[in-house]
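S.K.: Pasting a structure here, questions to come.
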Amino acid sequence: MKNISILGSTGSIGTQALDFIAKTKNEFKVCGLAAGTNIELVKKQIVKFKPSMVSVSNKEDSEIIQKWCNNKKYKTKVFFGKEGLIKIATIKEVETVLSSVVGAVGLEPLLAAIDSGKNVALANKESLVMAGSIIMERAKEKNVAILPVDSEHSAIFQCIGKENKKSIKRLLITASGGPFYKSNKNFSDITVEDALAHPTWKMGRKITIDSATLMNKGLEAIEASVLFGVPMDKIDILIHPQSIVHSMVEFNDGCVMAQLSNPDMTLPIQYALSYPDRKNCYIKRLDLAQVAKLEFFYPDFKKFQCLNIAYNCAKIGGTMPAVMSAANEVAVRYFLDGKIKFNMIPKIVETVIKKHKAVKTKDINKIVEADKRARIAAESAILKIR
């Protein structure tokens with residue numbers, strides 16, 4: 001039995017992971033769960049999985065859940081905030097931590113998990129964008145595995161297998177294109193409902209908006225560069241509306257390997273948690289004859305400005321990707337709250353990065369500080385345009 005903790009247990013990835021675990025028999029034990037403010041779902045997860053520790057966002061909710069656990073005679077200990085996340089990430093008996101929290105909040109718990117010798121199933125791309133080289137170096141020092149959960153990176157990981165990484169010619173990261181790759185609609189007229197209407201994937205709100213702007217693909221390209229040691233100029237994005245080919249690897253001899261399956265996050269989640277084994281999966285099996293066609297297009301970098309911004313920030317390096325990611329988080333939150341228009345997201349990000357002087361550093365505190373300053377700058381830029 002593999003002992004695991006889940007950071008982000010009430011989100012899209014976390015709930016799908018728990019659904020998979022519930023279908024297995026005596027293969028996984030859930031020792032810790034960290035969530036946000038959905039305390040009713042947290043209670044249901046405690047009842048079903050009986051973790052030894054749980055963490056939520058704030059103290060008030062933690063006290064409510066702790067009292068409820070005591071009344072139910074559950075032995076679960078309840079924590080809150082950043083310290084709570086770190087406690088869940090470092091439970092002694094845990095072997096693998098699934099990090100599926102959204103945003104920069106995942107960075108410090110991720111590093112804590114690595115430092116305590118845990119393998120990490122990683123679905124928090126922002127951490128790698130912020131401090132990728134630090135994370136990978138720390139994982140190597142501690143001899144722990146970083147197992148990608150994003151479907152694209154899981155696909156690349158599976159395609160590379162035991163191949164020599166020096167034989168990689170380029171990585172081809174696929175993108176559904178979101179709802180707007182063919183749309184002629186003015187981006188200033190796009191509503192929150194329009195942007196959340198993803199054509200093939202069911203995901204959390206933030207990542208769904210990132211998919212609509214294609215910022216998600218920029219973040220994923222940076223993540224892939226870090227995970228697989230491939231420079232950005234050898235990473236291409238391909239629009240693939242069917243979302244069947246989850247990414248490809250081209251090797252020096254001209255061979256291109258791809259991983260295919262129906263669009264369902266259960267498979268990459270399960271693979272990361274079960275690695276190196278492959279377990280039976282309950283997703284719909286792929287029937288290529290039924291799919292009938294697979295299409296691929298290069299994205300329009302002018303139309304999707306966020307993609308261009310991400311590649312430029314990756315080239316600059318240092319603290320710039322962290323600043324970009326932080327500004328994007330703020331802009332997306334304001335858009336989801338209906339306070340700015342869709343077309344303002346890249347403009348806010350660009351405003352913030354133009355004011356930032358990138359610094360190359362191995363000091364995690366300096367990266368966190370750059371992230372904080374970028375959030376303040378993004379808030380200020382938004383106030384000026386509203």
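S.K.: Hey, with R₀ at 41 Å, roughly what FRET efficiency would Lys185 and Asn280 work out to, going by the Cβ-Cβ distance, to 0.05? Walk me through the intermediate numbers first.
M.R.: Working: r = 42 Å, r/R0 = 1.04.
Result of the calculation: an efficiency of 0.45.
S.K.: Only helices at least 27 Å long along their own axis, judged from Cα atoms, and with Kyte-Doolittle mean hydropathy of -1.0 or greater: name those in the chain from DSSP H. Before the final figure, lay out each step's value.
M.R.: Numbers: long enough: 364-385 (32 Å, 0.18).
Those that clear 27 Å and a mean of -1.0 are 364-385.
S.K.: Just want the answer: with Cβ charges of +1 for Lys and Arg and -1 for Asp and Glu, which residue in Ala89, Pro109, Asn184 is farthest toward the dipole's positive end in the range 48-205?
M.R.: Ala89
S.K.: Please report the relative contact order for the chain, taking Cα pairs under 8 Å with a sequence separation of at least 6, and give it as a percent rounded to a whole number.
M.R.: 15 percent
S.K.: Roughly how big is the range 223-306's charge dipole about its Cα centre, with Cβ charges of +1 (Lys, Arg) and -1 (Asp, Glu), in debye to the nearest 20?
M.R.: It comes to approximately 280 debye.
S.K.: Return the FRET efficiency for the residue pair Asp233, Lys162: r is the Cβ-Cβ distance, R0 is 22 Å, and the value is rounded to the nearest 0.05.
M.R.: Numbers: r = 25 Å, r/R0 = 1.15.
In this case the efficiency is close to 0.30.
S.K.: Any idea of the accessible area per residue across the range 31-145, 1.4 Å probe, to the nearest Å²? Each step should come with its number before you reach the end.
M.R.: Details: 5190 Å² over 115 residues.
With all protein chains present, the range 31-145 gives 45 Å² per residue.
S.K.: Can you compute the charge dipole magnitude of the range 172-222 about its Cα centre, using +1 on each Lys and Arg Cβ and -1 on each Asp and Glu Cβ, nothing else charged? Give it in debye, rounded to the nearest 20.
M.R.: That gives the range 172-222 a dipole magnitude of about 100 debye.
S.K.: Check Lys169: other-chain or 5+ apart residues with amide H under 5 Å from its amide H, H built from backbone geometry?
M.R.: Result for Lys169 returns Glu250, Phe251, Asn252.
S.K.: Give me the one-decimal nm value for the distance between modelled label points at Met1 and Asp300, 7 Å along each residue's Cα-to-Cβ direction.
M.R.: Here the answer is 5.5 nm between the modelled labels.
S.K.: For a quick protection proxy, order the peptides 333-343, 116-126, 51-61 by their average other-Cβ count within 10 Å, most packed first.
M.R.: Ranked by mean Cβ neighbours within 10 Å, highest first: 116-126, 51-61, 333-343.
S.K.: A further question follows. So for the pair Lys384, Lys44, with labels modelled 7 Å out along Cα→Cβ, what separation do we get in nm?
M.R.: 4.5 nm
S.K.: Which percent of the accessible area of the chain is formed by carbon and sulfur heavy atoms (probe 1.4 angstrom)? Walk me through the numbers before you get to the answer.
M.R.: Numbers: 8960 of 17740 Å².
Carbon-and-sulfur percentage of accessible area, whole number: 51.
S.K.: Let me ask you something else. Could you sort the peptides 135-146, 95-106 by per-residue average Cβ neighbour count (10 Å cutoff), highest mean leading?
M.R.: Descending mean neighbour count gives 95-106, 135-146.
S.K.: Moving to a separate point now. Subtracting the Cα-Cα distance from 0.36 nm times the residue separation, let me have the gained length for Leu336 to Lys82 in nm, one decimal.
M.R.: Between Leu336 and Lys82, full extension yields an extra 89.0 nm.
S.K.: Specify which labelled value, from [x] 28, 60, 12, 0; [y] 28, 54, 17, 1; [z] 25, 46, 24, 5, 0, agrees with P(r) over Cα pairs in 20 Å bins from 0, in percent derived from the coordinates of the model shown.
M.R.: [x]
S.K.: Nothing charged except the Cβ atoms of Lys and Arg (+1) and of Asp and Glu (-1): what's the magnitude of the dipole of the chain about its Cα centre? Round to the nearest 20 debye.
M.R.: About 680 debye.
S.K.: Let me ask something else. Mind giving me the nanometre distance, one decimal, between the label points for Asn252 and Arg205, set 7 Å out from Cα along Cα→Cβ?
M.R.: Once both label points are built, they end up 4.9 nm from each other.
S.K.: Taking R0 as 22 Å, what's the FRET efficiency between Glu93 and Lys72 from their Cβ-Cβ distance, rounded to 0.05?
M.R.: Computed FRET efficiency for Glu93 and Lys72: 0.45.
The values are calculated or read from the model by the stated rules, or taken from the named source; none is laboratory data. This is a predicted model, so every value here is computed, not measured. Glycine also receives a Cβ, built like all others from the backbone with ideal geometry; neighbour counts cover every protein chain displayed. Surface areas here come from the heavy atoms of the whole protein model, side chains and all, with no ligands, DNA or RNA. Shrake-Rupley method; radii C 1.70, N 1.55, O 1.52, S 1.80 Å.
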